[in-house]
Each structure stands twice: as C-alpha cells, then as structure tokens.
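Q: Questions regarding the structure given below will be posed in turn.
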Amino acid sequence: MPQSRTEARRTIGSYWEASVPQVKLDRQLIGNALFDVAIIGAGFAGLSAALRLAKAGVSVCVLEAEHVGYGASGRNGGFCCLGGTKLDERRLIKKFGLEEARRFVAYQVAGVNLVAQRLDSWGVDADRHSNGEIYLAHRRKDFAGFQAEAAFLKENFGIKARVLSKTDLDAEGYGGPTFHGGLQVPYGFALNPMAYVQALADQVRRAGGKIFGKSPVTGMTRDNDRWQLETEHGFIRARKVVLAGNGYAREDAPKWLHGRTLPVMSSILVTRPLSEGELAAQGWTSDTMAADTRNLLHYFRLLPDRRFLFGTRGGIFENAQSLAAMYKRARSDFDEMFPAWAGIEAEHSWYGHVCLARNLTPFVGEVPGLGGVYAAMGWHGSGIAMASISGEKVAGLILGKLQPEDLPVALRRPFARFPLPSLRKLYLQGAYWWYGWQDR
C-alpha cells in the first residue's frame, strides 16, 4: 500500500462548513497502489459508487482533489429534490416518449427516497425539513399556467401538485412582493448537504473503501489490462474507473471529457438568524424549499436555525472582479424579493460549480471507446438525489448486477461535445443575456 500524508484543509467560507464538526481529512496518496476500481471525485456520486462496491467486497479507492465536501456536494443549497436535467417533463416526453419520461421521473423519486432511507438508517442529523418544493411565479403569466401544469403532472406522472394563489401564499408564509402564485410538488426535502456527504464518506471508510484527499488525477492512460491514474505523488492502477468529478472534473483526465460538460456558477448567501418579528415583517415563515420560475432561477429556504439561504445562477468567470459583481447582483435580487430584510447582513457567502451537458441530461454508464471507464455526472444543479442513486447504479453496472437497459434512456446517452469548446464561456454569456431577456 502507498504511504500517505495529510495537508491543511482549504475552506470556502460556507455556512455548511461552520455548521458541522471539523471534517475528517483523508490522507494524500504518496506512492503507487492497485485497486479493482478507482473513482475520481469524492462527492455524492463517487462515494455512493464506492460504498456499494466496497460492500460487495471490491477493492475500491476514491481520489479527491481536495477533501470530502469541498466540491459541489458541500457547496449546494441542500435541496434534495426532483431534477438532474434541464428538460422539463413535456420535453422529456417529446424526446424520449411518455413511458421513458415516466421511468426517468420515477428514478428521480427513487433518488429522493434513497437519501431519506440512508439518513434514517445511519442515524444522521442533517437538519431535514420541508415537505416537497414550491415553485413561485415571478410573473402573472407564469401563474396563469400553473393549473394546466398541475393537471398535466397528475395525468401523465401521477404527481399531485398543488396550486396556491397569491392569497394562499401570504396565508401560508410565502410573503414577497414579486410572487404571484405557487405550484407545490410533494416530493423532496431540504437538508444540510455537508452533514450528509460527511456521513456518506464515513460509511465508505467503514465498509473498507479508501479515500485519498489532496490527490487530483492529472493524467489517465491505459496500461495493459488496467488504467493508470497519475497524481502528484504517485499513481493508482485499476481495472475499472468511475468519472464522478461533475462540475469540478478536469477535462484531460481522461481526454474524452474535453468539451463535453459546461461548468457554470451558482452563488449562495446565508443571513444571520432572523427574529420572529423580522420573519413576520417579511411574511415569510414557511420552511418549504422554494425556487422561482426564472430561467436564471433563484432558490431559497428558511433554515432550522432561522437563517435564510438565498441562491442564484448566472456567474461565468472566477476572478475577483467577476465574483464581486456576482455577489452584488445576488444581494440586489435578495433585497428586491425580500425588502423587509434589505438591511439584514449575510454572515456567509460562497459559490460553486453546476455541471451542464449539451444533451441537458446526465450520463450514467460506460464511456464509449474507453473499456472499463464509467461516468456518473451532469446533474444540472440538482445532484443530491440524482447523484446518490446514480452512484449506486453505476456500481451496479460494474458489478454486473445491472445492464444499461435497466436505466432510463435519458441517462444512457453519452455526453456530446459542445461545438467550439474553447468558446463555451462566451456563448454562455450570450445565453445568459437571452435568458435574462426572457425572464423579464
């Protein structure tokens, strides 16, 4: 086995980091080792795959560039909900047919249930709350379509969504001058994602899986019947590999990834705890997780300690000037949507990467032309449930317990390469301008 060492932990200033005990720092890979399976990325997908493989007696390691919870699994808004694609149910039906669309939605529900079952069976206190999720119409015309949308979801997917008028919103604690009505979907719940991902990593360790921190994979080559994964201070040789870096994946490990995903930015701020009087002044007392109907959406929820979490989409570049502008826009949107809290300070703010695919759907399966290399990536901003179940499923494919056709067709399409990949951020800027115009 390789030697190892531990280095200092990098932090991002998130509320989640401050809300949990000091996270365990796994040792860095020093030297070389053999494993049956090597997984790149210690997030929900990578750790879920490692857990199932380790429980099946497979020797498995996870190579993480920083530490468990440093990437999107420890930075997200904590919405364990339906999603994982940018295709709504109507477009899923158009692209894949009704039965396959139903399979995919059922898969999303199963992911939510899997996370709930894990938290229960492991005895994890992850501050769960919220019975489903509510979508808030930011324009009257969006609310006008909610009745038809509720009927469509019930007829085609058996989802009993509830439509709330503006009066209903005010009465049930969803106060805000920009909300014209709501559509509540009774699936999903909110949680502390750092508490969950740390518990998941602990289960991997207990099952015999090995996690290496501070060990980014810098190269990947075929070596006879194994893949060799290079790191700064050593390498791993493994028969199978799982790509689970999502929005933090390097595009040269392997080179197949180049130009096939588009990391975009999402920012979050969390206020100080709000008093009962401050909550009443705004009229927001519900703990249901919420999002508005914009393309460049806002997502928000009242946390159990009465802090308010508010997230936005729309950042592109990660230099200091762009990050400051992104935070300024987020704060301006927060003050407009929740004017009674305009003077409330944010004690925490941070950002992370959302992984988009040109297909607008995740990919879970074996990578074409790279025998023994699998991927579980592309959650489009809703990865807690989708990544958790997909990690288990990709492990099932490796173990031979599942066949590709056991998964919904929507998950089986390999990522297509974006045209002119080097210009992705430029035409993302154009897309943001277009979405902003549409959202008016």
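The values are calculated or read from the model by the stated rules, or taken from the named source; none is laboratory data. Values in this document were obtained by computation on a predicted structure and should not be read as measured data. Ideal geometry is used to build each Cβ from the backbone, glycine not excepted, and the neighbour counts take in all protein chains shown.
Q: Just give me the residues in the stretch 282-298 being aliphatic (A, V, I, L, M) and in contact with a helix residue (DSSP H, G or I) (Cβ under 8 Å, 6 or more places away or on another chain), in sequence order.
A: Leu296 - this is the single residue of the stretch 282-298 that is aliphatic (A, V, I, L, M) and in contact with a helix residue (DSSP H, G or I) (Cβ under 8 Å, 6 or more places away or on another chain).
Q: Another question, if that's okay. Quick one: count up the residues across the stretch 399-430 that are in contact (Cβ under 8 Å) with a residue 24 or more places away in the chain and not small (Gly, Ala, Ser).
A: Final tally of qualifying residues: 17.
Q: Take the residues in the stretch 284-317 that are touching a strand residue (DSSP E or B) at 6+ places or on another chain (Cβ under 7 Å) and of a type in the set (S, T, N, Q); name whichever of them is surrounded by the fewest Cβ atoms within 10 Å (Cβ to Cβ).
A: Once the filter is applied, the top-ranked residue is Ser286.
Q: Follow-up question, since we're still on this one. Any residue in the stretch 113-126 that is part of a helix (DSSP H, G or I) sitting within a Cβ distance under 6 Å of a residue that is surrounded by 10 or more Cβ atoms within 10 Å (Cβ to Cβ)? List the pairs, counting only those 6 or more apart or interchain.
A: Within 6 Å, the pairs are Leu114/Ser388; Leu114/Ile389; Val115/Cys80; Val115/Ala385; Val115/Ser388; Leu119/Ala126; Trp122/Ala199.
Q: Any chance you could count how many residues in the stretch 339-379 are out of contact with any His (no Cβ under 9 Å at 6 or more places or on another chain), in a loop (DSSP other than H, G, I, E, B) and either touching a residue at least 24 places away in the same chain (Cβ under 8 Å) or at positive phi (or both)?
A: So the answer is 11.
Q: In this structure, is Gly396 on the phi < 0 side of the Ramachandran plot, surrounded by fewer than 21 Cβ atoms within 10 Å (Cβ to Cβ) and touching a residue at least 60 places away in the same chain (Cβ under 8 Å)?
A: Here the answer is yes, as Gly396 does meet what is asked.
Q: In the list Leu262, Leu200, which residue meets the criterion of being farther than 23 Å from Lys24 by Cβ, under 22 Å from the mean Cα position of the chain (by Cα) and not β-branched (Val, Ile, Thr)?
A: Leu262
Q: Same structure again: In the stretch 301-322, which residues are among the aromatic types (Phe, Trp, Tyr) and touching a residue at least 60 places away in the same chain (Cβ under 8 Å)?
A: Hit for the stretch 301-322 is Phe317, nothing else.
Q: Does the stretch 27-63 hold any residues that are touching an Asp or Glu at 6+ places or on another chain (Cβ under 7 Å) and of a type in the set (D, E, K, R), and which are they?
A: Arg52, the sole residue that qualifies.
Q: From the set of residues in the stretch 106-128 that are of a type in the set (A, V, I, L, M) and buried (at least 21 other Cβ atoms within 10 Å of the Cβ), which is farthest from the chain's Cα centre (by Cα)?
A: Ala126
Q: Then there is this: Please enumerate the residues belonging to the stretch 208-229 that are among the charged types (D, E, K, R) and surrounded by 22 or more Cβ atoms within 10 Å (Cβ to Cβ).
A: Answer for the stretch 208-229, where residues must be among the charged types (D, E, K, R) and surrounded by 22 or more Cβ atoms within 10 Å (Cβ to Cβ): Lys210, Lys214.
Q: Consider Leu200 carefully, then state whether it is in a helix (DSSP H, G or I), assigned by TED's automatic domain parsing to the domain that holds Arg10 and in contact (Cβ under 8 Å) with a residue 40 or more places away in the chain.
A: Yes; evaluated as a whole, the condition is true for this residue.
Q: So for the stretch 210-224 (the condition being under 17 Å from Ala49 (Cα atoms), aliphatic (A, V, I, L, M) and touching a residue at least 60 places away in the same chain (Cβ under 8 Å)), does at least one residue qualify?
A: yes
Q: Taking the stretch 300-331, which residues are hydrophobic (A, V, I, L, M, F, W, C) and at pLDDT below 95?
A: Ile316, Phe317, Ala320, Leu323, Ala324, Ala325, Met326, Ala330, listed by residue number.
Q: Looking at the stretch 1-111, what strands (runs of 3 or more DSSP E) fall wholly within it and have at least 1 residues that are at pLDDT 95 or above and small (Gly, Ala, Ser)?
A: 28-40
Q: Looking at Ala325, Ala280, Ala330, can you tell me which residue is among the hydrophobic types (A, V, I, L, M, F, W, C), under 29 Å from Phe44 (Cα atoms) and either part of a helix (DSSP H, G or I) or assigned by TED's automatic domain parsing to the domain that holds Gly372 (or both)?
A: Within the list Ala325, Ala280, Ala330, the selection yields Ala330.
Q: Looking at Asn156, Asn224, which one is farther than 30 Å from Arg306 by Cβ, of a type outside the set (A, V, I, L, M, F, W, C) and out of contact with any helix residue (DSSP H, G or I) (no Cβ under 9 Å at 6 or more places or on another chain)?
A: Asn224
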